[in-house]
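First comes the structure, then the notes that go with it.
The values are calculated or read from the model by the stated rules, or taken from the named source; none is laboratory data. Small disclaimer: the values here were computed from a predicted structure and weren't measured. Reconstructed Cβ throughout: ideal geometry from the backbone, glycine too, with neighbour counts over all protein chains shown. Quick note on the areas: whole protein, heavy atoms, side chains included, nothing else; ligands and nucleic acids left out. Shrake-Rupley method; radii C 1.70, N 1.55, O 1.52, S 1.80 Å.
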Amino acid sequence: MVVLAISICTKSGKALISRQFREMTRARIEGLIASFPKLTSSGQQHTTIETDHVRYVYQPLEDLFVVLITNKQSNILQDIDTLQLVSRVVSSVCRPTDAHEIDRNAFELLSSFDEIISLGYRENVNLAQVGSISEMDSHEEKIQEMIEKNKEREAKEELKRRAKILDLQRKEQRKNTGGMSGAYGQGMGGGYGQSSPMGFGGQSGMGGMGGMGSTGSNQGYESSTPTDDGVSKFSAAPKAPAMKARGMQLGRKQNNVDLMESLRSEAEAAPAIQHQALIQPSYSAPAEPAFPMENVHVHIEEKITMVANRDGGLDNMEVKGDLMLRVSDPSRTKISLSLTHLEDSNIQFKTHPNVNKVLFNSEKVIAFRDSSKEFPLNTPTGVLRWRFISKDESSIPLSINCWPSPAGDGSCDVNIEYQLENEDMNFKNVNIIIPIPQGATPTVGELDGEYLLDPAQGALIWQLPSISSENSAGSMEFNCMGEDVESYFPVSVQFESERLICDVDVVAVTQVADGSDVPFSKQSTLTPLEYSVV
C-alpha cells in the first residue's frame, strides 16, 4: 500500500491539517480535499471513493472527516486498518474533536502521523506505542528550570546568612549601649541622697566623682545625659577622664573588634559546614563546558532511569536523549550533521518535523528537507530525540549489590559493592547513597574511596571521584544499629558521564552548499533521573 496523504477536513472541504508522504504540491492536495465532499453521497455507508487517479478512504469524526488519500493499487483492508488507527489517535489527542482543538494540537497530530506512516508505508505500531513515542519531551526546559531553582535557593541562603550577621550586629550594639549607660551611671550616679554634714540635704550628692556628698546614700537614678554645667564639673574632677575613657573603650573599640573577628570566623566556617551537610537528592544541571564554544556547538544529553532489584534483576531501564544545535555565525546556518550511534533495534529515534527523515534513516545525516531553510541564530534547537527501553540485565552499565546481615546484637553488618558492567563507560563524581535507621551512627570498616554521614537525610554516602576500567569494582563494609534489612533500601546512585548509553555522536558538520567542513564543538552528558536498587 502507498498512502499519499492523511488529511483532516470539514464537511465543506476545507483542509484543517494535511500530511503528505509523497511529493505533492499544495495546490494539488487542496484540490483533492476540496473535491472530496462533492464525491460523497448522503445516506450511504461507504468508506471509500475512487476517482481516475486516487482513492479516498475516509471516516466521519463528529463534524469533520479523517481522510486517507492513496493510490488505486493500495490494499483496501490495510488502508481501513490504518484509518481506524489514525482516527483513534485524533480522538485521544483532541477532546472534543473540533476545528479549534485540531488547530491547537496540529503539531502533536502531525508527529503522530509520521510515526504511523513512513514514506507512504504503514509502520508496525499500535495506539499505545504511538502515544508512548509522542510523550518524549526535551529536557532543555527542565535543565533551565533546575538552574533557576538553584539560583533562587542560593540567593535565599545568602539572604539568610546576611540577615543572621545583621541580627548579631544589632544584638552586640544593644549590649554595648547598655555597657556605656552603666559606666556613666557608676561614675556619675551617686544620686540624690539624704542630708549630709555639708548641708546639701535634698541636693545631688555626686558621691562617685569628687567626694561631694560622700556620706549621702546611693539610692538615686542613673543619668546618661548630664547638663552642660554638670559636664564641666565632671571634667574638672580627677577621675572623670579615666572613667569616660574606659566607657568609650568598652563600647566602641574592643567589643566591635571582637564582633567583627567572630563574624569573619563564622562566615569562613559556614561554607564548609554547608558543603558537608547538603547532599542534593536530585542531580542538578550539568556545568558549563570549560572549553570555549565554536560558532557551531552541539550539546548531546541523555537522562537514564533505572530500577533494579536487590537480587540482581532489572525491573526497568529507560534512556531519553536530546541533540541540541546552537549556531552563532550567520554564514553557517545552512549546515548538515553526520552522526554515529549504537546499532540497536530497541533505540527509537525521532527527528524534528523539518529534518529530512529519509536522509537520516539511510545515511545518519541531519539536514533540512528544504535546503533553503536555515538554523536559527543563537538559539538552541532540538533536532533529534531518541528513547531506549530495556529489561535485559546486560544493559545495566553499573550494578550495585547491597547485603545487610543481622549481627544478632541488634545491629547489621552491611556489605555493599559496585561493578562496572560496561567498561567503555567512565562515571565521575559518583555518590552511592545508602539509607540507615533514624539516629543510628554507622561504624565504617574497609572501603574504596571516601564516605560521608548525612544525618539530615538519614543516609551514609559512599563517594568515589570516578569509576572506570581502572577501578571497575569496589566495596565498602559498615556496621549499624538496626536489624531491619528493609531500612537499608532503596540504594540510590548519582553520577555524571561524558560517554552516552546509546553512543550518539556527531562526527562531522558540513556546509550544505559546497560540502566543506565546518569547525564545531560538542558536549555530551549522561546523568540519572533515578538510578536505584530496591
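Data table
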quantity	calculated
Positive minus negative residues near SER532 (Lys, Arg vs Asp, Glu; Cβ under 12 Å)	-1
The stretch 367-381 - phi-based ³J(HN,Hα) in whole Hz, Karplus 6.51/-1.76/1.60, Gly and Pro as x	7, 5, 4, 9, 5, 7, 6, 10, 6, x, 7, 6, 9, x, 10
In the stretch 73-135, GluC sites (Glu not before Pro) in a DSSP loop with at most 11 other beta-carbon atoms within 10 Å	GLU135
Residues of the stretch 377-407 with amide N under 15 Å of a point placed 7 Å along Cα→Cβ from LEU529	385-390
Rounded accessible area per residue of the stretch 306-435, 1.4 Å, Å²	47
GluC sites (Glu not before Pro) lying in DSSP loop within the stretch 391-473, provided at most 13 other Cβ fall within 10 Å	GLU423
Chain lengthening between GLU30 and HIS100 when straightened (0.36 nm per residue, less Cα-Cα)	23.2 nm
Cβ-derived FRET efficiency at R0 56 Å, THR333 paired with GLU393, nearest 0.05	0.80
Surface share of carbon and sulfur [accessible, 1.4 angstrom probe, percent] for the stretch 326-421	45
Positive minus negative residues near PHE113 (Lys, Arg vs Asp, Glu; Cβ under 14 Å)	+2
Cβ-based net charge around HIS100, under 15 Å, with every Lys or Arg adding one and every Asp or Glu removing one	-3
Extension gain (nm, one decimal) between ASN415 and GLN348, 0.36 nm per residue minus Cα-Cα	20.3 nm
DSSP-assigned coil residues among trypsin sites (Lys or Arg not before Pro) in the stretch 15-90, each with at most 15 further Cβ atoms within 10 Å	ARG22, LYS72
